Amino acid sequence: MTPPNTAKRAAAYDRIETLRKEIRRHDHCYYVKDRPEISDLAYDRLFRELADLEAAYPDLITQDSPTQRVGAPPLDELTKVTHERPMLSLDSITDREEVLAFDKRVRRELAKELGREMESEAIHYTVEPKYDGLSVELVYESGRFVRGATRGDGYVGEDVTINLRTLRSLPLTLAAEADPPAHLAVRGEVYMKLGDFQALNRRITERGDEAFANPRNAAAGSLRQLDSRITAERPLVVTCYETMARSGAPPPTHWAELDSLAAWGLPVPEERRRCDGIDAVLAFHAEIEAAREQLPFEIDGIVVKVNHRDWQVALGEKSRSPRWAIAFKFAPRKEITTVQDIVVSVGRTGTLTPLALLKPVEVGGVTISRATLHNADEVARKDIRVGDTVKVERAGDVIPAIAERVPVPDEQRAEPFRMPEACPVCGAAVAREGAYYYCSGQAACPAQLKGALEHFASKQALYIDGLGKKTVAQLVEAGLVRELPDLYELTQDQLLALDGFADKSASLLLEAIRLSKQATLDRFLMGLGIRQVGQHIAKVLSRRFGTLDRLAAADRNTLESVHEIGPEIAASLESFFREERNRRVIQRLRELGIRFEEPGVAEGRARPLEGKTFAFTGGLTQLSRDEATRLVEHSGGRVTSSLSKHTHYVVAGRDPGSKLDEARRLGVRILTEPEFRSLLEPS
Ligand code: IVH
């Protein structure tokens, strides 16, 4: 960086450095520790201030600035790089007996190498989850991230440095105060969390592209990109688990090595455990397999590593795998069953999705009776027909997928599947876009209308309590709701005429509908069901534009200039607001009294809880958790599910959980429900 030469510049330089440090710290809290310390809004402010300063002093921009994580123009090809050391793979086993045999072998070979009896000595292991992603090499010189590469064939990989730079869990500089080595090459896994994977697949299929089969493919496809701006939009994370090469003396154990990586700011396996003896390894395997479904990412087993470095060295390596580590995999989650029928469902945006109805089968503890076939091309490619025998797998998606068809001898097969020409729900013509088929009926198609209403009423959007799938279906089928705004004209009598409604339930629903009239812009935007605009993007847009009119009037360039808004989102927004029908619906909602932007919001409405973080424990009596969350956000605050000493308040309701004790321990201020409510009321 050029040294500052004027007072103003010097001040800018200092401020830029401070902002970068702060942003890096918050990235670490958010992406690595999963414990944000400030609101998204406060974060965006810091980020914008930095971006503005850098725009004013472009020569002060450095490669490791947080603003430089947005990707760069596309490359023609990924160049090859030779790894510092071969990236080995691991031998893998699935049975308990094989693990015991591994431990025995380690003992025997160590006895030979070290020339002493090892029979009764417990080998110490470090055990980590086996992340199901793709392996990368990350190189740091003088604490700066200089190169990253995929594994490739183990010797030569692809240079994906600029793509990796967009991953916010990957520090671009290591913590200098923890004294990192001048040269460091680490190995880690890049993967996608399940929730992010599902959301990405939804976005992708909604715009008519092919969904990724599983989180691993999604991660690989996102990282091995020529256009790093695409990588920047994909929710990838990285966890580091090995030092490949470094200057200076390495720590004596793998456990200590992970601690050092963590101290330098690198993300390391959170679920790691030190196991003194192979029995503890077996116990950890059982424990983590049982918890597997609750983990936010896919793992396919555990990796067992001899802890002591000297012993690792003594054991050495074979040509492709070390002798001191092993992958202890879980039993596969794939089962065989038959396809009983193929039906077509119609989604909220009109996409027709073929679904296989299966003879129920248990896969990884869950009974599966349906599997998505994604689209017509996919059905043709896998050549799935009614009556076929198939392998089903659960690849982290809510709806399982058919992995492959199992050919059976002498099979007599049904006719190939064909997409219908008319919508199976409303009979409107089916339009085609690439591999995708759409119902052209729009809101006249009950399936699309139902989907749109459910989405509008969902917790993340307008949150109309009690307006779930079943009630939506009743309202649409009775002809009471033909488009969104009709919701706000429903009467008690109309509801009472529906099955299952009594005075009380009808007035509760009407009250919930009335309450939803006080919305916020982000929730309203989310509720409109614009393609590509989910919860997060809705927040980004509402912060940036403040009012719906300003957003609707923005052209593509303006939209794309917003951090996190790419060309696809911009195009989707533009076409949504251009559509006459959508404008009419918004207009009618406004006339019916829906308020989604308070006067003066853009000019800085009073936000009494700005920057404050809340956590809840126990049940509230006057409010639901979601309502409480909405109120906090409305006042500028933020709700987190976990606690840290930086949480400002814990609201304790009925039967509070362990969070209450934790709050006491951390010295976080505890509020009763009435205290919480009074905090929300404007003084
Ligand atoms: S250690 C020399 N640790 O599993 C040891 N690998 O075939 C190198 N993997 O390609 C690997 N989680 O991509 C190690 N905690 C972990 C891992 C892990 C996932 C992957 C890695 C490797 C494959 C093993």
Legend entry - Selection from the range 272-307 of residues that are among the small types (G, A, S) and part of a helix (DSSP H, G or I): A280, A283, A286, A290, A291
Inset, instruction - Could you give me the residue pairs with C-beta distances under 8 Å whose first residue belongs to the range 94-111 and is more than 15 Å from F328 (Cβ to Cβ) and in a helix (DSSP H, G or I), whose second residue is open to solvent by 80 Å² or more (accessible area, probe 1.4 Å) and of a type in the set (D, E, K, R) wherever it lies, and which are 6+ apart or on separate chains? - result: R107/E119; E109/R323; A111/E117; A111/E119
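Looking at this structure, is A431 out of contact with any helix residue (DSSP H, G or I) (no Cβ under 9 Å at 6 or more places or on another chain), in a strand (DSSP E or B), open to solvent by 20 Å² or more (accessible area, probe 1.4 Å) and without any contact (Cβ under 8 Å) to a residue 40 or more places away in the chain?
On the way: out of contact with any helix residue (DSSP H, G or I) (no Cβ under 9 Å at 6 or more places or on another chain): yes; in a strand (DSSP E or B): yes; open to solvent by 20 Å² or more (accessible area, probe 1.4 Å): yes; without any contact (Cβ under 8 Å) to a residue 40 or more places away in the chain: yes.
Judged against the criteria, A431 is a match.
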Legend entry - Test set (1) modelled with pLDDT under 90; (2) out of contact with any helix residue (DSSP H, G or I) (no Cβ under 9 Å at 6 or more places or on another chain); (3) open to solvent by 30 Å² or more (accessible area, probe 1.4 Å) - G208 fails condition number: (3)
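Going by the structure shown, is E298 surrounded by fewer than 18 Cβ atoms within 10 Å (Cβ to Cβ) and in contact (Cβ under 8 Å) with a residue 12 or more places away in the chain? Can you show your working first?
Details: surrounded by fewer than 18 Cβ atoms within 10 Å (Cβ to Cβ): no; in contact (Cβ under 8 Å) with a residue 12 or more places away in the chain: yes.
The answer is no for E298.
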Inset, instruction - May I ask you to list the residues in the range 632-668 that are more than 23 Å from E610 (Cβ to Cβ), part of a loop (DSSP other than H, G, I, E, B) and open to solvent by 70 Å² or more (accessible area, probe 1.4 Å)? - result: D655
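Within the range 124-146, is there a residue that is acidic (D, E), within 16 Å of the ligand (Cβ to nearest atom) and assigned to a strand (DSSP E or B)? Spell out the reasoning first.
Initially, the range 124-146 is screened for residues acidic (D, E), giving 128, 132, 137, 141.
Still in the running and within 16 Å of the ligand (Cβ to nearest atom): 128, 132, 137.
Narrowing further to those that are assigned to a strand (DSSP E or B): 128, 137.
Yes, the conditions are met somewhere in the range 124-146.
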Legend entry - Qualifying positions in the range 246-299 - in contact with a Pro (Cβ under 6 Å, 6 or more places away or on another chain), within 13 Å of the ligand (Cβ to nearest atom) and at pLDDT below 95: E271, E298, I299
Legend entry - So D310, is it in a helix (DSSP H, G or I) and touching a residue at least 40 places away in the same chain (Cβ under 8 Å): yes
Inset, instruction - Could you name every one of the helices (runs of 4 or more DSSP H) located completely within the range 179-260 that has at least 3 residues being within 14 Å of V136 (Cα to Cα)? - result: 215-223
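Within the range 132-149, take every residue that is of a type in the set (S, T, Y) and open to solvent by 10 Å² or more (accessible area, probe 1.4 Å) and give me the one that is farthest from E293 (Cα to Cα).
First, pick out the residues of the range 132-149 that are of a type in the set (S, T, Y): 135, 140, 142.
If we keep only those that are open to solvent by 10 Å² or more (accessible area, probe 1.4 Å) as well, we get 135, 142.
Working: S135: 23, S142: 40 Å.
Per the criteria, the residue is S142.
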Legend entry - Condition broken by D95, with the remaining ones in (1) exposed (fewer than 12 other Cβ atoms within 10 Å of the Cβ); (2) within 16 Å of the ligand (Cβ to nearest atom) satisfied: (2)
Inset, instruction - Please determine, by comparing only the residues of the range 669-683 that are surrounded by 14 or more Cβ atoms within 10 Å (Cβ to Cβ) and in contact (Cβ under 8 Å) with a residue 40 or more places away in the chain, which one is farthest from K612 (Cα to Cα). - result: E673
Legend entry - Those residues of the range 535-556 which are surrounded by fewer than 18 Cβ atoms within 10 Å (Cβ to Cβ) and either modelled with pLDDT of 90 or more or not in a helix (DSSP H, G or I) (or both), in sequence order: T547, D549, R550, A552, A553, D555, R556
Inset, instruction - Exactly one condition in (1) farther than 22 Å from P66 by Cα; (2) open to solvent by 20 Å² or more (accessible area, probe 1.4 Å); (3) in contact (Cβ under 8 Å) with a residue 60 or more places away in the chain is not met by G157; state its number. - result: (2)
Inset, instruction - Considering each of L78, L50 in turn, give the residue that is surrounded by 14 or more Cβ atoms within 10 Å (Cβ to Cβ), on the phi < 0 side of the Ramachandran plot and in a helix (DSSP H, G or I). - result: L50
Legend entry - Failed condition for R309, given (1) touching a strand residue (DSSP E or B) at 6+ places or on another chain (Cβ under 7 Å); (2) open to solvent by less than 60 Å² (accessible area, probe 1.4 Å): (2)
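Determine whether R320 is over 27 Å from the mean Cα position of the chain (by Cα), within 16 Å of the ligand (Cβ to nearest atom) and modelled with pLDDT under 90. Lay out the reasoning, then the answer.
Numbers: over 27 Å from the mean Cα position of the chain (by Cα): yes; within 16 Å of the ligand (Cβ to nearest atom): yes; modelled with pLDDT under 90: yes.
Against the criterion (over 27 Å from the mean Cα position of the chain (by Cα), within 16 Å of the ligand (Cβ to nearest atom) and modelled with pLDDT under 90), R320 qualifies.
The values are calculated or read from the model by the stated rules, or taken from the named source; none is laboratory data. Owing to the predicted nature of the structure, the values given are computational and were not obtained by experimental measurement. FYI the Cβ positions are ideal-geometry reconstructions off the backbone, even for glycines, and counts take in every protein chain you see. These area figures cover heavy atoms from the full protein model, side chains too; ligands, DNA and RNA do not enter into them. Shrake-Rupley method; radii C 1.70, N 1.55, O 1.52, S 1.80 Å.
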